[in-house]
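Undergrad: The structure is given below, and queries will be raised subsequently.
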Amino acid sequence: MLSRLLGRLMALGARRPVVVAAAVLVLAATGAVLALRMQPSADTGTLVGRSTTGYAATQVLHRRFGDDAIYVLIGEPVSRVVLTSDLDQVLGLEGCLSGNVPAAQTPPGGPAGPCARLAATKPAKVVFGPGTFLNEAVGQISDEFTAAQAAERAQARRAGDAAYRLALAHGLGRASASAYAQQAAKLVQAKFTAQVLGLALRYGLTAAPSLDDPQFISRLVFDDRRPAGTPKARFASIFPGPQGALIQVRLRDGLSESAQRAAIADIRAATRMPDWRLSAGGYAVTGAPVLVQELSSAISHSILVLLLAAVVVMALTLLLVFRARLRLVPLLVALAAAGLTFGVMAISGVGLTMASIAVIPVLIGLAVDYAVQLQSRIQEEPVRLEPSLARVAARGAPTIAIAAAATAAGFLVLALSPVPMVRGFGVLLVVGIILAIVCALTLGVAVQALAERRGARPAKAGDVGALGRARVALEAAWNGAGEIVTGSHAWELARGGVHRGGRGALRAAVGRPGRVLGIAAALALAGWALDTQTRVESDVQKLVPQNLAALSDLHRLQNISGVGGEVDVVVEGRRVTDPAVVAWMTRYQAKILRELHYDPRRGCGRSDVCPAFSLPDLFTTKASLATRARVENLLDAVPSYFSQSVITPDRRTATLAFGLRLMPLERQFQVLRTMRAGLDPPPGVRARLAGLPVLAAEANDRLSSPLRRIETLVAGLLAVGLVLLLALRSPRRALVPLIPIVLATGWSALVLFLTRIPLNPLSIVLGALVIAIATEFSVLLSERFRAERAAGHEVTEALQRTYRSTGAAVLASGVTAIAGFAVLVVSDIRMLRDFGFVTVIDLAVALIGVLVVLPAVLVLAERGALVPRPVRARRRSAARVERAPAA
């Protein structure tokens, strides 16, 4: 059935070449146009897994308190920020970012400026910065003073009335009673005056508090027990260090990527407005959402670079290794397959990510590979194209299709990855492989049919126009360049060396197959043993392009503040405002800070974590936690500006936040494990870690686990073996090509360990890639050997014929596949660049290893060495019975 299906596709391309070629190319061009219109995405949801334990908590955090924080770094000393007119500039900027514009007033920057756009769209859920904090503090103190003053007057009046009535009750006259009433009122006023004096002494007040009172602001912000200009530790979320301050902007959850992009652009534009210019510093905008947006732009650039590089590299590779008249047909097939694949992705609504753009050169390499294999099989036939297709469909094409199916099965294992980006990479490659085979069978055959018809038709006057002459000249120049290169002395030396090495390896495999297989197995065992020692690079800041402005600003943020992100403990339950719950949060915060070596005297820069604004910060005295009613009343009195970022209006969800240093994900996971181990909230309350750092660290831990890599290898081998068993319907035929594939995973691990190139969240699935690619090499060679043996050739001769025909094509197609991965080396995204390096090295090792070891496996299989001993005994017994003379 497979042969009939493949034959029909090939016959369609041969009989209607113009229609088929035009249809495929039009569809591919449409797909490419749709793909180019797609907006690249570096959504954090593609970098971390939804199956991680922190995902649900992070969703709650974003839904209730806003998305990951955007940091606006105020790059000047805190003393200048809060003690000069710069505080008014910062306050104005925070109002602009929050979208608060007084009614009937033109926003700063005009009706078309960023402040007006932010006021119209209101993307920010929370804006928390020094200007609004101090303004609210001043207002709160003034309001509290006014309220206390009014309460004092009422209390004095009540005390005076009580004293007056008491004096009258004791028989005193009205004049004496009035005197007692005045004394009682003065006592209340004296007590109030003492309290006010204490507050004034504490904050250095000589008048009503205001933002223009540097003495009050200084007493409020700075810690007089530490060096001058050092902010108090409890304000670390706003004043993390003496050299800078922070404005945190949390966007509303559920904003589309375009809305997020516009909001970040407006925030950046607002920080550049002259209205908010500082006297001795500037602003920098960074944070996870900003880094993601800039990474999206880098992806757009990488798409074009990788596509152009893939075309050039594939063309040069075909020029060098593919000895055929129509050398560029495989490249045309590959580009069509890529266009169709990304068109399917665009129609499906799947976004472009760092991993999906890596599919471009890889898929082009694989598609060229299949087209080269098919074209080589067709050109082996000595007759014209159409009559030879039936034989190719019956013998060569099914083997290519089976090898491609096994390769797709190997890639499909990537769907088990905990990282959505890697899962998408695997699934997209599977779709691309299917379309590449279809394009090779239709478009590739159609182009060859058109070339054959053109070659068979007599030329007529005027038959070739200027465009045709240009095409002919270009083909002649290209083929001439190929002949020059492949005919050069250096090329002949290289080619001769390859041939001599191949013949020597073939002789060794035939003469001493057991020794060859033993050495190969020993090297594989060493590789598997050393695989656990291969370093995994998980520091995300090292894996993205280093020229991103948000990345340099993130480093600057950490240099000034000591932190580069935030992790939250989401506390949920009906009793969040219970004093016992708030007290537990306070104890937990102190415990974690102590265990992770935070010292308030040294600030945030010397510890992995740092305190950030949380619910316990609203309760600074034991009296405030006396009863639940006290807690509720205090929360009612706290301005929503403060409370909205730490507790929800229904009082059922609260947060406990910690600043987190930039660090490798392995270390980050250890920090989070310490934090998770301390989560023992009171009964009826649930506490979970949440935030992007939690998701990234958990996904990296699962992905980089040696056990996880072994599971991926086993799953890949099982998937490939199952496909081969179903397609070939013979355990022996399925087992023989699998043996070099299994060993190839060990060889690649050994070479990777020796080269010391670290793995990353993408290249860590290299074992599955080696299985997928090496499967094709092994299946094509073993099935061609089987066909040669079926034709009556002896083992040695069958191996020689196999390697002269299919072996040469496998070498050519293997080089093109490896060249596809090599294109990733030109990417400016280190994750892709390192992925390209390790895949080129390991696939080259796998290709060479399969070409050398497979003959030994085939020879041992012919001798029955790979068949279980009882089966061999039964076969020998049956053979003796057949040879015995009849009675």
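Undergrad: In the stretch 655-687, what count of residues is obtained for those that are touching a helix residue (DSSP H, G or I) at 6+ places or on another chain (Cβ under 6 Å) and more than 18 Å from residue 593 (Cβ to Cβ)?
TA: 5
Undergrad: Now for a separate question. Give just the number: which of (1) at pLDDT 85 or above; (2) part of a helix (DSSP H, G or I); (3) buried (at least 18 other Cβ atoms within 10 Å of the Cβ) does residue 7 not satisfy?
TA: (1)
Undergrad: Restricted to the stretch 814-860, and to residues that are closer than 26 Å to residue 513 by Cα and of a type outside the set (A, V, I, L, M), which residue is nearest to the chain's Cα centre (by Cα)?
TA: My answer is 842.
Undergrad: Oh, and also: Within the group 673, 686, which residue is of a type in the set (D, E, K, R) and in contact (Cβ under 8 Å) with a residue 24 or more places away in the chain?
TA: Numbers: 673 fails: in contact (Cβ under 8 Å) with a residue 24 or more places away in the chain.
Result: 686 is the single residue among 673, 686 that is of a type in the set (D, E, K, R) and in contact (Cβ under 8 Å) with a residue 24 or more places away in the chain.
Undergrad: Follow-up question, since we're still on this one. Can you report the number of residues in the stretch 173-187 which are open to solvent by 70 Å² or more (accessible area, probe 1.4 Å) and at pLDDT 75 or above? Can you show your working first?
TA: Step one: list which residues in the stretch 173-187 are open to solvent by 70 Å² or more (accessible area, probe 1.4 Å), which gives 174-175, 180, 182-183, 186-187.
Narrowing the set further to residues that are at pLDDT 75 or above leaves 174-175, 182-183.
So the count comes out to 4.
Undergrad: For the structure I just gave you, tell me whether residue 786 is of a type in the set (Lys, Arg), out of contact with any strand residue (DSSP E or B) (no Cβ under 6 Å at 6 or more places or on another chain), touching a residue at least 24 places away in the same chain (Cβ under 8 Å) and in a helix (DSSP H, G or I).
TA: On the way: of a type in the set (Lys, Arg): yes; out of contact with any strand residue (DSSP E or B) (no Cβ under 6 Å at 6 or more places or on another chain): yes; touching a residue at least 24 places away in the same chain (Cβ under 8 Å): yes; in a helix (DSSP H, G or I): yes.
Judged against the criteria, residue 786 is a match.
Undergrad: Now a separate question. Here is a list: 826, 770. Which entry is surrounded by fewer than 24 Cβ atoms within 10 Å (Cβ to Cβ) and among the β-branched types (Val, Ile, Thr)?
TA: 826
Undergrad: Also, I was wondering about something else. Can you tell me which residue among 531, 553, 578 is closer than 30 Å to residue 265 by Cβ, charged (D, E, K, R) and at pLDDT 70 or above?
TA: Answer to the selection: 553.
Undergrad: Can I ask one more? Looking at (1) out of contact with any Ser or Thr (no Cβ under 9 Å at 6 or more places or on another chain); (2) open to solvent by less than 40 Å² (accessible area, probe 1.4 Å); (3) free of Cβ contacts under 8 Å to residues at least 60 places away in the same chain, find the lone condition where residue 233 falls short.
TA: The one condition residue 233 does not meet is (3).
Undergrad: Sticking with this structure for a sec: Filter the stretch 236-273 down to the residues that are of a type in the set (A, V, I, L, M), closer than 17 Å to residue 94 by Cβ and buried (at least 20 other Cβ atoms within 10 Å of the Cβ) and list them by number.
TA: Residues of the stretch 236-273 of a type in the set (A, V, I, L, M): 236, 238, 245-247, 249, 251, 255, 259, 262-265, 267, 269-270, 273.
From the residues that got through so far, the ones that are closer than 17 Å to residue 94 by Cβ too are 238, 245-247, 249, 251, 263-264, 267, 269-270, 273.
Within the stretch 236-273, 238, 245, 246, 247, 249, 251, 263, 264, 267, 270 qualify.
Undergrad: Would you check which residues across the stretch 577-603 are farther than 23 Å from residue 647 by Cβ and surrounded by 14 or more Cβ atoms within 10 Å (Cβ to Cβ) and list them? Steps first, answer last, please.
TA: Step one: list which residues in the stretch 577-603 are farther than 23 Å from residue 647 by Cβ, which gives 594-603.
Scanning the stretch 577-603 gives 595, 596, 598, 600, 603.
Undergrad: Looking at the stretch 124-135 only, could you name the residues that are more than 15 Å from residue 88 (Cβ to Cβ) and either of a type in the set (A, V, I, L, M) or open to solvent by less than 10 Å² (accessible area, probe 1.4 Å) (or both)? Spell out how you get there, then give the answer.
TA: Step one: filter the stretch 124-135 for residues more than 15 Å from residue 88 (Cβ to Cβ), giving 124-128.
Once the filter is applied, which keeps residues that are more than 15 Å from residue 88 (Cβ to Cβ) and either of a type in the set (A, V, I, L, M) or open to solvent by less than 10 Å² (accessible area, probe 1.4 Å) (or both), the stretch 124-135 yields 124, 126, 127.
The values are calculated or read from the model by the stated rules, or taken from the named source; none is laboratory data. All values reported here derive from a predicted model rather than from experimental measurement. Using ideal geometry, Cβ is built from the backbone for each residue, glycine included, and neighbour counts are taken over all protein chains shown. Note: accessible area is taken over every heavy atom of the protein model, side chains too, but ligands, DNA and RNA are not part of it. Shrake-Rupley method; radii C 1.70, N 1.55, O 1.52, S 1.80 Å.
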